[in-house]
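Participant: Structure incoming, see below.
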Amino acid sequence: MNYQIIKDKEAFLKFIDWLPELEANEKFYCCLFARKKYSTNLDLKADKSQLKRFLSDKARLYDKVKQLEIELGGYRIRGVEIPQETLALYINPNPRNLKKATYDSIIELTKLLKKDQGGFNPHQEVMSCIQRSVGRKVYLDFDVDTKEFDFEQLKSIINPSCLEILQTRGGYHILVKLSAIEPQYKKSFYNNIVALGVDQTGDQLLPVQGCTQGGFIPRFIGID
């Protein structure tokens, strides 16, 4: 028996196709987490415990995620076996800029060397710099942590043609494609959406359609 990350292959492939096309020096940043809140039997210090993180382009993303489906019991944190129901896969839909990340990594690693304290992991430091190095901001993400959300009101404060709604285990991610916002909404849409009841906004990690999120399968939904 193996862990199952991909729950709906067709939906996952459609998600990959939906992601922005990458430009030179860009990759997608992905993370596999164990979420404490998805299991009453998992004793972890933090809610999100990172199991794997990696970079990919669209062509290789399916294969890279498939490689995460290792034998059950293979994921452990401080000796604790991670159960299937806690797993959740995330991605930054906005590409990461590797040229910017390389510059930032050189600075960060130089600072660590100057401190001469040792004990740091260069690979992890570089990956953290990549995660922070957003390239093009294609989407602005509004995270709604409830199933009770007024989509009719949402459609009145921004043109629906720029929206993608991902239904998640606990609510929704409202993705606004910045290049598709009509002019009359550009100055007001942010504050108006936040006022509807949003927990977090910005360039965020997004659950992946067709893949596991604590036993739930995230999916894009229509609001027409």
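Participant: Out of the residues in region 25-41 that are of a type in the set (Ser, Thr, Tyr) and not in a loop (DSSP other than H, G, I, E, B), state the one that is surrounded by the fewest Cβ atoms within 10 Å (Cβ to Cβ).
Facilitator: So the residue we want is TYR38.
Participant: Are there any pairs, at least 6 apart or on different chains, whose C-beta atoms fall under 8 Å, with the first in region 54-83 and touching a residue at least 12 places away in the same chain (Cβ under 8 Å) and of a type in the set (D, E, K, R) and the second assigned to a loop (DSSP other than H, G, I, E, B) and surrounded by 15 or more Cβ atoms within 10 Å (Cβ to Cβ), and if so, which?
Facilitator: Pairs that qualify, where the first residue is touching a residue at least 12 places away in the same chain (Cβ under 8 Å) and of a type in the set (D, E, K, R) and the partner is assigned to a loop (DSSP other than H, G, I, E, B) and surrounded by 15 or more Cβ atoms within 10 Å (Cβ to Cβ), are ASP57/LEU22; LYS58/LEU19; LYS58/LEU22; LYS66/ILE5; GLU69/TYR3; GLU69/ILE5; GLU71/TYR3.
Participant: Also, I was wondering about something else. What residue, among those in region 78-127 that are β-branched (Val, Ile, Thr) and part of a strand (DSSP E or B), is modelled with the highest pLDDT?
Facilitator: ILE91
Participant: Among the residues of region 47-58, which ones are over 21 Å from LYS7 (Cβ atoms) and either aromatic (Phe, Trp, Tyr) or assigned to a strand (DSSP E or B) (or both)? Step through it out loud before you land on a result.
Facilitator: Of the residues in region 47-58, the ones over 21 Å from LYS7 (Cβ atoms) are 47, 55, 57.
Passing the criteria: only LEU55.
Participant: While we're here: Anything in region 1-15 that is surrounded by fewer than 19 Cβ atoms within 10 Å (Cβ to Cβ) and modelled with pLDDT of 95 or more? List them, or say none.
Facilitator: Residues satisfying the conditions are ASN2, GLN4, LYS7, ASP8, LYS9, GLU10, ALA11, LEU13, LYS14.
Participant: For region 176-198, how many residues are in a helix (DSSP H, G or I) and within 22 Å of the chain's Cα centre (by Cα)?
Facilitator: Of the residues in region 176-198, 6 are in a helix (DSSP H, G or I) and within 22 Å of the chain's Cα centre (by Cα).
Participant: Is at least one residue of region 107-121 aliphatic (A, V, I, L, M) and under 21 Å from GLN213 (Cα atoms)?
Facilitator: Checking region 107-121: not a single residue is aliphatic (A, V, I, L, M) and under 21 Å from GLN213 (Cα atoms).
Participant: Would you mind finding the one in LEU22, LEU68, LEU61, LEU44 that is in a helix (DSSP H, G or I) and either assigned by TED's automatic domain parsing to the domain that holds ASP203 or surrounded by fewer than 17 Cβ atoms within 10 Å (Cβ to Cβ) (or both)? Please lay out each step first, then the result.
Facilitator: Working: LEU22 fails: in a helix (DSSP H, G or I); LEU68 fails: in a helix (DSSP H, G or I); LEU44 fails: in a helix (DSSP H, G or I).
Only one candidate passes the filter, namely LEU61.
Participant: Looking at region 128-142 only, could you name the residues that are out of contact with any strand residue (DSSP E or B) (no Cβ under 6 Å at 6 or more places or on another chain) and either aromatic (Phe, Trp, Tyr) or outside any loop (DSSP other than H, G, I, E, B) (or both)?
Facilitator: Matches in region 128-142: SER128, CYS129, ARG132, VAL134.
A quick yes/no check of all residues on (1) touching a His at 6+ places or on another chain (Cβ under 9 Å); (2) among the β-branched types (Val, Ile, Thr); (3) loosely packed, with under 12 Cβ neighbours inside 10 Å:
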| residue | (1), (2), (3) |
| --- | --- |
| PRO160 | no, no, no |
| LEU163 | no, no, no |
| LEU166 | yes, no, no |
| GLU182 | no, no, yes |
| VAL198 | no, yes, no |
| THR201 | no, yes, no |
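The values are calculated or read from the model by the stated rules, or taken from the named source; none is laboratory data. Remember, it's a predicted structure, so these values are computed and weren't measured experimentally. When we count neighbours, we look across all protein chains shown, and the Cβ atoms used for this are built from the backbone with ideal geometry, even at glycine.
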